[in-house]
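To start, the structure under review is shown below, and the notes come after it.
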Amino acid sequence: MRKILMLCLILVWCFTLAACSSSNSSNNSDPASGTNDEKAELTLVWSKGDASDAQLKDILTEFNKLYPNIKVNRIEVIGSSWGDYFNKIQTMIAGGNPPDVIRVAIEGIQMFAKQDLLLPLDEYMAADPDALDNYDDIHKKLQSPFVIDGKTYGFVWDWNNVVMHFNTDKLKEAGLSLPPKDWTKDDFLTYAQKLTTEKDGKKTYGFAIPTYYFGASAWLFNNDASVLDDAMTTSKLDDPNAIELMQFFQDLIYKYKVAPVPNPKDDATQMLMNGQIAMMSAGKWPFSTYAKSKFTSVDVQFLPTFKTNKVIFGSGAFPVLNSTKYPDAAYKLSAFLGGVYSQKTTLSDASIPTRISVMKEVLPKTPASNWQVYSDSADIAKAVESPVQYADVESIFNRYMGLILANQSDAATAMKKAKEEIDQVLKN
Amino acid sequence: MTKKSKDLLVGYLFLAPALLLFLVFIAEPVIASLILSFTKYNVITPSKFIGLDNFKAFFEDDRLGLVYWNTLKFVLILTPLHVVLGLLLALAVQRKIAKGLKYFYRTVFYFPVLATSAAVATAWSFMFNKEFGILNYFLSLFGIEGIPWMQSPNWVYLAVAIYSFWKFIGNAFLYYFIGLQNIPETLYEAAEIDGAGKLQRFMNITLPMLSPMLFFVLVTTLIGTTQIFDEPYLITGGGPGDASRSVNMYIYEIAFQKHQMGYASTVSISLFLAILAITALQFGFSKKWVSYDQE
């Protein structure tokens, strides 16, 4: 009797586990079989920060005019960084609930593609080129990170560089004007010092140090340094130029006292708007916050030239996971989200559009007199280093940069240790 | 079916839901962790048996010593804080004060437990800001300048302890408060007639009668602080560097950032064994000071 009861319990348990696992559906992967009548229900991972409910509804209404039988459900995945975001999507895949189409930035495309999680879209492009809405309109350089080993994994939707944002009220108070395009490290330090003030107990710092991988990488590029080598097989953080830049960041806080000590939850955009800082380096994304807060006292300029002047870029697209049950429908959605209508709807005041036609139309409306810094850098920008092990590399870099900025280590020691750890990760 | 068999059947049926939950959510993950600790598994590709490699890596891991040391520091700071101050708060509210005031204090002390951790941690994080935080502003009025709450490997523990106390003291308080309610008033009356003072009544009635609850709070707090994750994760992110990273945060990093499920399981087993040993010791010593005789 006891044995029978135990057997029943085990069977119930096994049934429970089986019910929790996902079913492996057959994959209709024939590109030629897709038609506009195909019925499909797709899951899209796209945050409301990129596209609000109203914007997504608008895009999907237009999408459904072309493809009335494709239903799209949005899932929002919130991550504290790109690495964190990609980890959560990987966990969804591992948990047996993979979405169909995901928003992926350049930082994650290698990781997803090299793990064979993405569907190459070239056959679908050949079978249904109309869905692409004029592929030649996409900026080739910005699209290039999504073509890996000759296979296309998405159609670039947005991009960002890193430029300097100025609170123009603070510039006026300090008697300064927007610096020229070719301003130098010395000019930058002078600006930071003049903009650091204290009036009636209210402190303003000249500059907020970027404490995230993309932002810090932009400054490393400008000092002729980088986190990784070109082949992304070893770290270059022990390079004297990289150490010099990180030491300069530390000095801005503790020697020159022109930058606040960073805190984990700092919001530099908010700090610039409320006058706690006068300069910060960021892409175009803060303009969406500026617009919401009706903040107009802002202008932009290229980062100062240190040893060189290289502009960084990061871009994003909507790849299709190869586990999708509806590859043709997912391709159509991926293409539409990267298309003209989607970009015009979502990128008016946030990231920079990647369609040349939309860039020309949208960028002049940027509420900053020097908005050309965004369009001028597309052709010369260098992609942020994003190896397959991006999440690990980002985490190690941020940890050691945190030590430097907290004055718990000098730059040379921290960067040497960071290099050792990153090299170990890149080996595996 | 005999009566004994029927009784057994009924017994097992009553037991089944709890047993099922135990098997699925406790036994199965523990066994899976044990098996995974002998494998290399990145959740995307199938696992591969690698023998004792993860255990070898465990003893060669430079960061483990620091995260265990950090966790021990959290245990040593937070456990007395919750166990002692929770009791003091409960005793203060238990005093003969107006009923309405009692309800008010109970709500005030327990309310933070109900608040969403991520939201309140963000607020505390702004308060701890070295340059623009309200805590440093008030301290500056007394001539204390710029405490680096998040930047110093020493101050960071105080920041986490303050947040943890504010957020979770309500739990210990509530357990003690319930325990105090269950002590018969007649015992105090009898002691008072016999001439016992406040301290004598506390030492000879309150503490012995409350000892099972004290033991419960001590065990759960110690287990909770050994597994600490939310407070440092939300307030400091484990920084600066690894200065406030706990073992659980490190396991999370290995499992869900590096996707090394095998090694993460190995570290989890080490933490499990550590907690098991501490709890066993506590139960051993409890015989000497915990009294279950409530008559």
*Taking the C-alpha atoms of the range B:53-289, how large are the radius of gyration and the largest Cα-Cα span, Dmax, in Å?*
20.9, 69
*Figure the gain on full extension for B:D62 and B:V24 (residue separation times 0.36 nm, minus the Cα-Cα span) and round it to one decimal in nm.*
10.2 nm
*asked:* Need one value for B:227-240: mean number of C-beta atoms belonging to other chains within 10 Å of its residues' C-beta atoms.
replied: 3
*If Lys and Arg each add +1 and Asp and Glu each add -1, what is the summed charge of the other residues whose beta carbon sits under 15 Å from the beta carbon of B:I77?*
+1
*Consider a paramagnetic label point 7 Å from the Cα of B:I50 along Cα→Cβ; state which residues of the range A:394-428 have an amide N under 20 Å from it.*
A:394-396, A:420-428
*Taking θ as phi - 60°, what are the ³J(HN,Hα) couplings along the range A:408-425 by the Karplus curve (6.51, -1.76, 1.60), each to the nearest whole Hz, with x for Gly and Pro?*
9, 7, 7, 4, 4, 5, 5, 5, 5, 5, 4, 4, 4, 5, 5, 4, 4, 5
*asked:* Beyond a 23 Å Cα-Cα separation, which of these cross-linked pairs lie in this structure: A:K307/B:K130; B:K40/B:K258; A:K172/A:K310?
replied: A:K307/B:K130; A:K172/A:K310
*Summed buried accessible area for A+B [probe radius 1.4 Å, Å², rounded to 100]*: 3300
*Report, in whole Å, the centroid distance computed from the Cα atoms of the range B:1-62 and the range B:159-188.*
35
*asked:* On C-alpha positions alone, give me the angle between the axis of helix A:390-405 and the longest principal axis of chain A, in degrees, nearest 10.
replied: 30
*So how exposed is B:K73, as accessible area in Å² (1.4 Å probe, rounded to 10)?*
60
*With each label point set 7 Å from Cα along the Cα-Cβ vector, what nm distance links B:K287 and B:L187?*
2.3
*In percent, how large is the relative contact order of chain A, given Cα pairs closer than 8 Å and 6 or more residues apart?*
26
*If each of A:L178 and B:I31 carries a label point 7 Å out from its Cα toward its Cβ, how far apart are those two points in nm?*
6.8
*How many nm is it between the label spots at B:L76 and A:T234, if each spot is 7 Å from the Cα in line with the beta carbon?*
4.2
_Residue among B:L21, B:L36, B:L81 with the largest mean-square fluctuation in a Gaussian network model of chain B, springs linking Cα atoms under 10 Å_ = B:L21
*Name all residues of the range B:112-126 having a backbone nitrogen under 20 Å from the label point set 7 Å from the Cα of B:W155 along its Cα→Cβ direction, giving them as ranges.*
B:121-126
*What share of all Cα pairs of the range B:1-97, in percent, falls into each consecutive 5 Å distance bin?*
3, 9, 8, 9, 10, 11, 11, 11, 10, 9, 6, 3, 1
*Where the accessible area of chain B is counted over protein heavy atoms with a 1.4 Å probe, how much of it, in %, is carbon and sulfur?*
70
*Under 13 Å from the Cβ of A:Y213, count the other residues' Cβ atoms, weight Lys and Arg +1, Asp and Glu -1, and hand me the total.*
-4
*Label-reachable residues, the range A:194-228, where backbone N falls under 19 Å from a point 7 Å from A:E244's Cα toward its Cβ*: A:216-228
*Indicate the residues belonging to the range B:144-167 that lose 40 Å² or more of solvent-accessible heavy-atom surface (probe 1.4 Å) upon moving from the chain alone to the assembly of all protein chains, ignoring ligands and nucleic acids.*
B:Q151
_Listed residues A:W371, B:W166 arranged by accessible area, highest first, probe 1.4 Å_ = B:W166, A:W371
_Top of A:S226, A:S293, A:S377 by mean-square fluctuation, Gaussian network on chain A, Cα under 10 Å_ = A:S293
_I want the antiparallel fraction of DSSP beta bridges within the protein assembly as shown, as a percent rounded to 5._
65
*asked:* If you count only protein heavy atoms and use a 1.4 Å probe, how large is the accessible surface of A:E198, to the nearest 10 Å²?
replied: 120
*Please find the FRET efficiency linking B:K96 to A:K203, where r is the Cβ-Cβ separation and R0 is fixed at 45 Å, and quote it to the nearest 0.05.*
0.35
*In what sequence, largest accessible area first, do A:L42, B:L13 appear using a 1.4 Å probe?*
B:L13, A:L42
*Just check the protein assembly as shown against the gyration tensor rule for me: Cα atoms, a ≥ b ≥ c as the square roots of the eigenvalues, rounded for a/c under 1.5, and otherwise prolate or oblate depending on whether a/b exceeds b/c.*
oblate
*Set the Förster distance to 22 Å, then compute FRET efficiency between B:Y252 and A:K416 from the Cβ-Cβ distance, nearest 0.05.*
0.25
*Please report the orientation-averaged projected area of chain A, defined via the convex hull of its C-alpha atoms, in nm².*
25.5
*For chain B, what is the accessible area per residue in Å² when the probe is 1.4 Å?*
55
*Quick one: accessible surface of A:D136, probe radius 1.4 Å, all protein chains present, in square angstrom to the nearest 10.*
110
_Kirkwood hydrodynamic radius (C-alpha pairs) into Stokes-Einstein, the range A:367-428, 10 °C and 1.306 mPa s, D in µm²/s_ = 113
*asked:* Between the range B:80-154 and the range A:132-148, how far is it from one alpha carbon centroid to the other, in angstrom?
replied: 53
*What is the Cα centroid distance between the range A:174-225 and the range A:64-114, reported in whole angstrom?*
36
_Between A:K199, A:K140, A:K307, where does the largest GNM mean-square fluctuation fall for chain A, given springs only between Cα atoms within less than 10 Å?_
A:K199
_Can you give the FRET efficiency to the nearest 0.05 for B:W69 and A:N428, using r as the Cβ-Cβ distance and R₀ = 25 Å?_
0.40
_Counting only protein heavy atoms, probe 1.4 Å: which residues of the range A:248-267 lose 30 Å² or more of accessible surface in the full assembly compared with their chain by itself?_
A:V261, A:N263, A:P264, A:K265
*Residues of the range A:379-406 losing 20 Å² or more of accessible area relative to the isolated chain, 1.4 Å probe, heavy atoms only?*
A:D392, A:S395, A:R399, A:L403, A:A406
*Ordering B:V43, A:V101 from largest to smallest accessible area (1.4 angstrom probe), what's the sequence?*
B:V43, A:V101
*Given H placed 1.01 Å from N in the peptide plane, which residues other than close sequence neighbours of A:T152 have an amide H under 5 Å from its amide H?*
A:L121, A:D122
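The values are calculated or read from the model by the stated rules, or taken from the named source; none is laboratory data. Model, not experiment: these values are computed from the prediction. Because the Cβ atoms are built from the backbone with ideal geometry, glycine has one as well, and the counts that use them run over all protein chains shown. Each accessible area value is taken on the protein alone, full model and side chains, heavy atoms only, with ligands, DNA and RNA left out. Shrake-Rupley method; radii C 1.70, N 1.55, O 1.52, S 1.80 Å.
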